Each structure stands twice: as structure tokens, then as C-alpha cells.
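Worksheet for the structure shown next.
The values are calculated or read from the model by the stated rules, or taken from the named source; none is laboratory data. These figures come from a predicted structure and were not determined experimentally. Every residue, glycine as well, gets a Cβ built from its backbone with ideal geometry; the counts of neighbours run over all protein chains shown. These area figures cover heavy atoms from the full protein model, side chains too; ligands, DNA and RNA do not enter into them. Shrake-Rupley method; radii C 1.70, N 1.55, O 1.52, S 1.80 Å.
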Amino acid sequence: CRGLFISPNDQEQSLYAQCLIDTLQKNRFDVLVPISDQCVFACAQNRDTILSLTNVVIPPLETVLLAADKKKTYHYALDHNIPIPKTYFPPDIDAVRVMAEKNIYPCLVKIPRGRASKGIYSAANKQELLQIFESAELFGQWPVIQEMIIEGDMFGASAVASEGRMLG
């Protein structure tokens, strides 16, 4: 890492992307490591330009769009026999009411394009499930219902770097 660069909010995609490209053109960096979902999206949209300016591992835009949408990702996994928790795609509230009568608890309700745990809710019973669909903030997106995996090991990865050196 070297220096501090102030950019527009990454939610302002075109301004953010142009600032990123301008910064890369003016400052030769060995590598770019996109951190936020929006930065990854901006890099994927401008992949060829950014790759001409620095090293970055960024998938094609089509892959980023697939990964950013839980509903599409789950369908992709099912279509390719990739194991995922049992997932339901109710088309409307009537289907949710029918599903609520079944033994699907505990479960998670997830909007397709959520960030930072926004749009993910847990339901332990029928009443909680229906309440989520009737009153939770769904950000204008119709969610999926997914079995909650309670048992098993949790895995994660973290890294710390200082002045270009990995510390751990």
C-alpha cells in the first residue's frame, strides 16, 4: 500500500470507475486488490482498461453479475449439481403461505442482491416467516427461502499487509 486516494462513493458507478482509472493512469501500481462488491463491479465493467494499467484478478462482468445475485447463483449451482442448502423460490406471497405450512424451519429469507447482511432474515417458525414477507425491508426484491445450516465448521480467510508485505 502506498498513499491515500479519495474517490467518489462507489455507489456512483461511473464517477467511481473513472476516478479509479485516472488514479491508475497517474500512479503506477503493481497490483490492484478490489475490496468492495461495487469496486469489483467497476473493475469488471472496465476490465480491459484496468488490466492495461495494472495487475488485477477480476472475473468477466458476466461472472460478477451471476455472483452478485443470490437467486441466479443458486439456480446456477442447482443446474450444475453443486451442493447448496435446500432452497425455495416462491413466486408470490400465496406460495410463501403454502410453504410456511411445511417443516422448513429454521430457515433464512434472502433478497437476491443484498450487501453487508442487509436483506437476510431468519425465521424459526411459520409466524416469523410470514412476518418477514409481510413487513421486512426487502429493498424492492422478491427473496428466496433457504434452509439454515446450523451444524458444521465455519471457514473464513483474512490477510494483513503493510508496505506491500503480507504479515499474516
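Answer yes or no as to whether Ala44 is touching a helix residue (DSSP H, G or I) at 6+ places or on another chain (Cβ under 6 Å), within 30 Å of Trp142 (Cβ to Cβ) and of a type in the set (Gly, Ala, Ser). So Ala44 fits the description; yes.
Determine which single condition Leu138 fails, assuming it passes every other condition in (1) under 18 Å from the mean Cα position of the chain (by Cα); (2) modelled with pLDDT of 90 or more; (3) not in a helix (DSSP H, G or I); (4) not hydroxyl-bearing (Ser, Thr, Tyr). Result: Leu138 fails condition (2) only.
Against the conditions (1) surrounded by fewer than 11 Cβ atoms within 10 Å (Cβ to Cβ); (2) at pLDDT 90 or above; (3) of a type outside the set (Asp, Glu), Thr49 satisfies every one except (1).
Has region 75-90 got at least one residue that is touching a residue at least 40 places away in the same chain (Cβ under 8 Å), farther than 17 Å from Ile132 by Cβ and either touching a His at 6+ places or on another chain (Cβ under 6 Å) or not in a loop (DSSP other than H, G, I, E, B) (or both)? Checking region 75-90: not a single residue is touching a residue at least 40 places away in the same chain (Cβ under 8 Å), farther than 17 Å from Ile132 by Cβ and either touching a His at 6+ places or on another chain (Cβ under 6 Å) or not in a loop (DSSP other than H, G, I, E, B) (or both). Quick check on Ala95: is it assigned to a helix (DSSP H, G or I) and within 30 Å of Ala123 (Cβ to Cβ)? Yes. Determine, yes or no, whether Ile93 is within 23 Å of Arg115 (Cβ to Cβ) and either among the β-branched types (Val, Ile, Thr) or in contact with a helix residue (DSSP H, G or I) (Cβ under 6 Å, 6 or more places away or on another chain) (or both). Against the criterion (within 23 Å of Arg115 (Cβ to Cβ) and either among the β-branched types (Val, Ile, Thr) or in contact with a helix residue (DSSP H, G or I) (Cβ under 6 Å, 6 or more places away or on another chain) (or both)), Ile93 does not qualify. If you take the residues of region 84-127 that are farther than 16 Å from Met148 by Cα and of a type in the set (Val, Ile, Thr), which of them is surrounded by the fewest Cβ atoms within 10 Å (Cβ to Cβ)? That would be Val98. When the criteria are applied in full, Phe139 fails the requirement of being open to solvent by less than 90 Å² (accessible area, probe 1.4 Å) and either closer than 19 Å to Asp69 by Cα or touching a residue at least 40 places away in the same chain (Cβ under 8 Å) (or both). Only one of the numbered conditions (1) at pLDDT 75 or above; (2) within 25 Å of Asp69 (Cα to Cα) is not met by Gln127, and that is (2). Of the residues making up region 1-26, those that are open to solvent by less than 50 Å² (accessible area, probe 1.4 Å) and assigned to a loop (DSSP other than H, G, I, E, B) are Pro8, Asp10.
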